[in-house]
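Engineer: My questions all concern the structure below.
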Amino acid sequence: MNVIVSSVAAWGLLFGASAFAQSSPPSSSAPAVDYSKGETWLCKPGRKDSCAVDLSTTVVAADGKLTREEFKANPQAAIDCFYVYPTVSRDTTPNSDLNAGPEEHGVVRAQFARFGSQCKLYAPLYRQLTLTALRAAMSGQPLTADRAMAYGDVAAAWRYYLEHDNKGRGVVLIGHSQGSGMLTQLIKNEIDGKPIQSQIVSALLLGTNVAVPKGKDVGGAFQSVPLCKSASQLGCVITYVSFRSDSPPPANSRFGRVPDAGMVAGCVNPAALTGSKALHAYLSAGPNGVSSSSADPKPWVAGKTVETPFVSVPGLLSGECVSNDSGSYLSVKVNADPSDPRTDEIVGDVMDQGQVRKEWGLHLIDVHVAMGDLVEIVGQQAKAYAKKK
């Protein structure tokens, strides 16, 4: 197998899509991380760090018109966002160190920094399971990574944040893939049914399977944290895994399914919460902006150059939550129109030796495809939280 494939957060492949989140990991003997040190955080308010990046966007209209959209953070935001990133570390050890590389900085830019328009941003480093550990497991070698150490770091960072930075403010939890698994465990252990739950504005657990009973919104992974049903609902979860509408999860996919009898993987369509028929995507504009395991995008409009790091493509993508024999997932449709000058193709599939690995769906761009909707929802939830307070 091409080792590039293992760079797509194969958390579910190693442990089952929700196995880690459903049982407490063993304790770790690793020394604790000192989260009072600034270098243990990728993002904290008031700094020039991984979240202080260029997020300018070119809006590519169907008629080929290009419009530049600038981004502005809100340093006075009334709520916080706490982010745990997916499997990205290229360290050669089973668990990563605490020295951020281009991969950690890059995923923060792609998945988290844009929420700075609605909340103050906190993103700890943690000793996650690395791509090295995933490659070993996928080739049948013993897994020597310390899962408990990775989760222990996230829990320690959360506790430090609550004690020293939170000051009673509402907070949104945001994660993707391995990060979502860590946050699912954190909610189970530290939040669900406890006093701090009243401060949870919402949890965006993306690219993972959150178990819920069939026909219900709560009672599987969590006892009192439901799936979100509106953009202003508080204390709820937005979760989904994404697949192309014409390529649903095949039988060998770990996404969109949970092993528990009577349970399904939760799916919340962010666009539906905002009342939109189209997904408000923010896609990487240039080569390898998604991952080296994805193809490079074609020109957005023939003969025109996009100079910003991101593009928005109004009306090009739409989504709906689908639940069938294939699983429960966000079905993403590309609304192709060969008669207009805008491209009808997006990238984001996992590629292995030139072939699409359909079992991964659009895992690489789970967050990208609905970023605008997610940011808008967090903004509406922030207003609802302020009104409640």
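Read the figures in this text as sums done on the coordinates, not as results from a lab. For clarity, every value in this text was computed on a predicted model and none was experimentally measured. Glycine also receives a Cβ, built like all others from the backbone with ideal geometry; neighbour counts cover every protein chain displayed.
Engineer: With loop defined by DSSP as not H, G, I, E or B, and exposure as at most 15 other Cβ atoms within 10 Å, which is the longest segment of the chain clear of exposed GluC sites (Glu not before Pro)?
Structural biologist: Details: sites that count: Glu70, Glu307, Glu345.
Longest run free of exposed loop sites: 71-306.
Engineer: Could I ask something else about it? Please report the base-10 log of the normalised intensity I(q)/I(0) for region 39-149, using a Debye sum with one equal scatterer per alpha carbon and no solvent, at each q in 0.09, 0.20 (1/Å).
Structural biologist: Summing over Cα pairs of region 39-149 leads to -0.33, -0.99.
Engineer: Take the eigenvalues of the Cα gyration tensor for region 110-160, scale each by 5, and report the square roots as semi-axes in whole Å, largest first. Could the numbers behind the result be given before it?
Structural biologist: Details: eigenvalues 167, 47, 5 Å².
Sorted largest first and rounded, they come to 29, 15, 5 Å.
Engineer: Ok, one more. Give me the Kirkwood hydrodynamic radius of the chain, using the inverse of the mean 1/r over all pairs of distinct Cα atoms, in Å to one decimal.
Structural biologist: Values: mean 1/r = 0.0479 Å⁻¹.
Computed over Cα pairs of the chain, the Kirkwood hydrodynamic radius comes out at 20.9 Å.
Engineer: Here's another thing I want to ask about it. So if each residue of separation counts as 0.36 nm, and I subtract the Cα-Cα distance between Asp54 and Lys72, what length gain in nm does that give?
Structural biologist: Numbers: separation 18, 0.36 × 18 = 6.48 nm, distance 0.97 nm.
Computed gain between Asp54 and Lys72 is 5.5 nm.
Engineer: Expressed as a whole number of Å, what is the distance separating the alpha-carbon centroids of region 44-120 and region 331-389?
Structural biologist: 16
Engineer: First check a/c for region 125-246, with a ≥ b ≥ c the square roots of the eigenvalues of its C-alpha gyration tensor; if it is under 1.5, answer rounded, and if not, answer prolate when a/b is larger than b/c or oblate otherwise.
Structural biologist: On the way: a/c = 2.12, a/b = 1.24, b/c = 1.72.
The shape class here is oblate.
Engineer: For the pair Glu163/Ile196, report the inter-label distance in nm, with labels modelled 7 Å from Cα in the Cβ direction.
Structural biologist: The two pseudo-label positions are separated by 1.1 nm.
Engineer: Now, a different point. Hey, for a label at Lys389 modelled as a point 7 Å past Cα toward Cβ, could you say which residues of region 121-141 have their backbone N under 18 Å away?
Structural biologist: 121-122
Engineer: Using the Kirkwood radius over C-alpha pairs as Rh, can you work out the diffusion coefficient of region 282-355 via Stokes-Einstein at 4 °C, viscosity 1.567 mPa s, in µm² per second? Can you show the working numbers first?
Structural biologist: On the way: Rh = 14.0 Å.
Using the Kirkwood radius from Cα pairs, D works out to 92 µm²/s.
Engineer: Hey, another quick one. Using bins 5 angstrom wide from zero, how does P(r) for region 116-194 break down, in % of all Cα pairs?
Structural biologist: Calculated P(r), rounded to whole percents: 3, 13, 21, 23, 17, 10, 6, 5, 2, 0.
Engineer: For the chain, give the share of DSSP beta bridges that are antiparallel, in percent and rounded to the nearest 5; count only bridges with both residues there. Intermediate results must be reported in sequence, preceding the final value.
Structural biologist: On the way: 24 of 51 bridges.
Expressed as a percentage, antiparallel bridges in the chain total about 45.
Engineer: Okay, next question. Could you give the nm distance between label points at Asp296 and Ser29, where each point is 7 Å from its Cα heading toward the beta carbon?
Structural biologist: 4.9
Engineer: Counting each DSSP H run of 4 or more residues in the chain as -39500 (n - 2.57), what helix-only mean residue ellipticity at 222 nm follows after dividing by all residues, to the nearest 500 deg cm²/dmol? The partial results should precede the final answer.
Structural biologist: On the way: 8 runs with 73 residues, N = 389.
Result for the chain, helices only: -5500 deg cm²/dmol.
Engineer: Please give the length that would be gained between Lys65 and Asp352 if that part of the chain were fully extended, namely 0.36 nm times their separation in residues minus their C-alpha to C-alpha distance (nm, one decimal).
Structural biologist: On the way: separation 287, 0.36 × 287 = 103.32 nm, distance 3.43 nm.
Contour length minus the Cα-Cα distance gives 99.9 nm.
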